[in-house]
Amino acid sequence: MADADITFDDQHGVRQVERDTDSAPLLEIQNLTKTFGSVISLSDISTTVRAGQVTCVLGDNGAGKSTFIKTLAGVHQPDHGQLLMDGQPVSLSSPRDSLEAGIATVYQDLAMVALMAIWRNFFLGSEPTKGWGPFKRFDADKAKSITRKELSDMGIDIRDPDQPVGTLSGGERQSVAIARAVYFGARLLILDEPTSALGVKQAGVVLKYIVQARDRGLGVIFITHNPHHAYPVGDRFLLLKRGRSLGDFAKSEITLAELTGLMAGGAELQQLAHELQRPDAPAPQGDRAP
Ligand SMILES: Nc1ncnc2c1ncn2[C@@H]1O[C@H](COP(=O)(O)OP(=O)(O)O)[C@@H](O)[C@H]1O
Ligand SMILES: [Mg+2]
């Protein structure tokens, strides 16, 4: 059964997704464990992703974020745990399995060819297979016009689809990758730290496209170490630390301040503030003896 009812909003001509929290989630991740030799990269990790919602995965370097998404992308096989799509167990034993299940992963390095035109990159690596794009033969004019239209539907104005991808900003490149996943019929979009190499303004651009993909009814997994990027767009927050879960919260269960505190290791940060303080400085407010 579909996770969300999609209807048309005539006024804006956009698809609206009614959030239905009673049906089975698009993806359910249950008790995932992955070890590499003696390193426990993921230990007993669970969360859910719903259609038309964004699940954020937060954690510092080495937390297990990349291992987590590689398991969903079919690159790694979990040692324990299971994945359910639409309530049914699935096994993703290769990246192709994952693609065919409608999971599109956008890696940080993007796998784009800088000197190649935008439209060629848009169609790169998506040679026709079941459920993935309508072309048996390659029609360049059609490919260009589709690229232009799909990007403009996401609110991305490119001057010329023949322009090399290398001339786009980092934020625009991420956006092209997101538009491509949407066009090729992904149901679940996974973004590995799409904003971490970007400045404030460009990060904002990418956050806008995450919201667009969500509003088109996709489930989104957004990996980041920045709670200020995660909180405004997220519906659910999974916090990882050294492979363990610090919690899996719905937005109503956690504030931005709490999320930031958990991420920074609130107590550790306070301790550090003490250690960094000048010896002759007055003690911070609230710390003084009565
Ligand atoms: N292929 C691998 N072989 C051995 N250890 C790995 C492998 N991939 C990840 N790890 C280890 O798993 C832990 C989590 O790494 P990773 O998932 O890349 O974290 P993050 O993306 O949050 O920075 C790290 O200790 C890392 O060294
Ligand atoms: Mg990583």
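Where a number appears in this text, it was derived from the coordinates with a stated rule and is not lab data. This is a predicted model, so every value here is computed, not measured. No Cβ is skipped: glycine too gets one built from the backbone with ideal geometry, and neighbour counts run over all protein chains shown.
Would you please put 99-106, 50-57 in order of how densely packed they are, using the mean number of other Cβ atoms within 10 angstrom per residue and starting with the highest?
Top to bottom by mean Cβ count within 10 Å: 50-57, 99-106.
Determine the sum of side-chain charges near residue 231: Lys and Arg each +1, Asp and Glu each -1, restricted to other residues whose C-beta is under 13 angstrom from that of residue 231. Here the count lands on -1. Available extension along the chain between residue 153 and residue 90 is 19.5 nm, counting 0.36 nm per residue and deducting the alpha carbon span.
With θ taken as phi - 60° and the Karplus curve 6.51 cos²θ - 1.76 cosθ + 1.60 applied, the whole-hertz 3J(HN,Hα) list for the range 201-212 is 5, 5, 4, x, 4, 5, 4, 4, 6, 4, 5, 5 Hz, x standing for glycine and proline. Modelled spin-label separation between residue 82 and residue 107, with each label point placed 7 Å from Cα along the Cα-to-Cβ direction: 3.0 nm.
Between residue 145 and residue 30, the distance separating the two model label sites (each 7 Å from Cα on the Cα→Cβ line) works out to 4.8 nm.
For residue 67, the shell of other residues with beta-carbons less than 13 Å away shows a net charge of +3, using +1 for Lys and Arg and -1 for Asp and Glu. Listed by chain and number, the lysines whose alpha-carbon sits under 16 Å from that of residue 241, ignoring those within fewer than 8 places in the same chain, are 34, 65.
Want the number for residue 251 to residue 278: 0.36 nm per residue separation, take away the alpha-carbon distance, what's left? Taking residue 251 through residue 278 to full extension adds about 5.9 nm, to one decimal.
Charge tally around residue 47: other residues with Cβ under 9 Å, Lys/Arg +1 each, Asp/Glu -1 each, net -1.
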